[in-house]
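Written out below as structure tokens is the structure these notes cover.
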Amino acid sequence: MTAPPSGRQMPTVLDQRIETAVGYSVEELRRHRDGGLLDAPHAALADAHRDLVAGERDVTFYRVRLARLASSELPVDQALFAWIDRTLDQLAKAADVRDTKQTTAAAALEAIEAAAPRQAPRQVATQDVAALLAIAQGAKLHEHLVTHRLAAATPTRTRISYAQLQRLEAMGLVERDTAHPVQGGQPVTLTDAGRAALTAPRRAGPPGTTPVPLPPAFPAVSRTRR
């Protein structure tokens, strides 16, 4: 099969609708999917779109092959006719597969479009966005053996204060696995709302102050005070 045009992804008929629904480009959607930042509906859309792109690539491959056969200087004989017939059959089968994948992608997109109307979003401060990005790489809440202070640490050596973690937890952006003791490290992960906050379009503003839209409020997570 041939590769898509250099420097860009193979276009599909759903690209514009997808970008309107999610608020960013299909390339960003794929990057967010690869980074594990999408909730289940958006991940399903990203996977379906990836399959649709592959289907479009196959259709393009056989269409280009057919054009080359028709414009080539090969002898016009039964062998050429057989080759053209075989390529036409392959093109028809590729188009059928592409159409099936397009139907699947459209269904995943319609689910997101149907859920699009929602209340005006709250905002996530830039420093909280940085904390969410660090937590997305993996984080654990630890208790210091001497001071007994709590803080979350990440593989990138980013430290997140317990107060900030509590705020993110209350906003419904992160959750802790309380089955593990803090002395040994309590895993902290993003919720679907946290992943949505990271992938939401950002508004322009002065450096260090730019907030990002946040999905509708979630109930505060109850926690034990220390």
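The values are calculated or read from the model by the stated rules, or taken from the named source; none is laboratory data. It should be emphasised that the depicted structure is a prediction, and the values quoted were computed from it without experimental measurement. Heads up, the Cβs are rebuilt from the backbone with ideal geometry, glycines too, and the neighbour counts pull from every protein chain shown. Quick note on the areas: whole protein, heavy atoms, side chains included, nothing else; ligands and nucleic acids left out. Shrake-Rupley method; radii C 1.70, N 1.55, O 1.52, S 1.80 Å.
For residues in the range 48-81 being modelled with pLDDT under 95 and of a type in the set (Gly, Ala, Ser), which is nearest to residue 15 (Cα to Cα)?
Of everything passing the filter in the range 48-81, 67 is nearest to residue 15 (Cα to Cα).
Confirm whether residue 32 is touching a Leu at 6+ places or on another chain (Cβ under 9 Å) and open to solvent by less than 20 Å² (accessible area, probe 1.4 Å).
Answer is no for this residue.
Please work out which residue is most open to solvent (accessible area, probe 1.4 Å), limiting yourself to the range 47-92 and to residues that are over 29 Å from residue 198 (Cα atoms) and of a type in the set (Val, Ile, Thr).
Among those that are over 29 Å from residue 198 (Cα atoms) and of a type in the set (Val, Ile, Thr), it is 76.
So which of 44, 95 ends up being out of contact with any Lys or Arg (no Cβ under 8 Å at 6 or more places or on another chain) and crowded, with 18+ Cβ neighbours inside 10 Å?
The unique qualifying residue is 44.
Residue check: is residue 182 more than 24 Å from residue 33 (Cβ to Cβ), in a loop (DSSP other than H, G, I, E, B) and touching a Leu at 6+ places or on another chain (Cβ under 9 Å)?
yes
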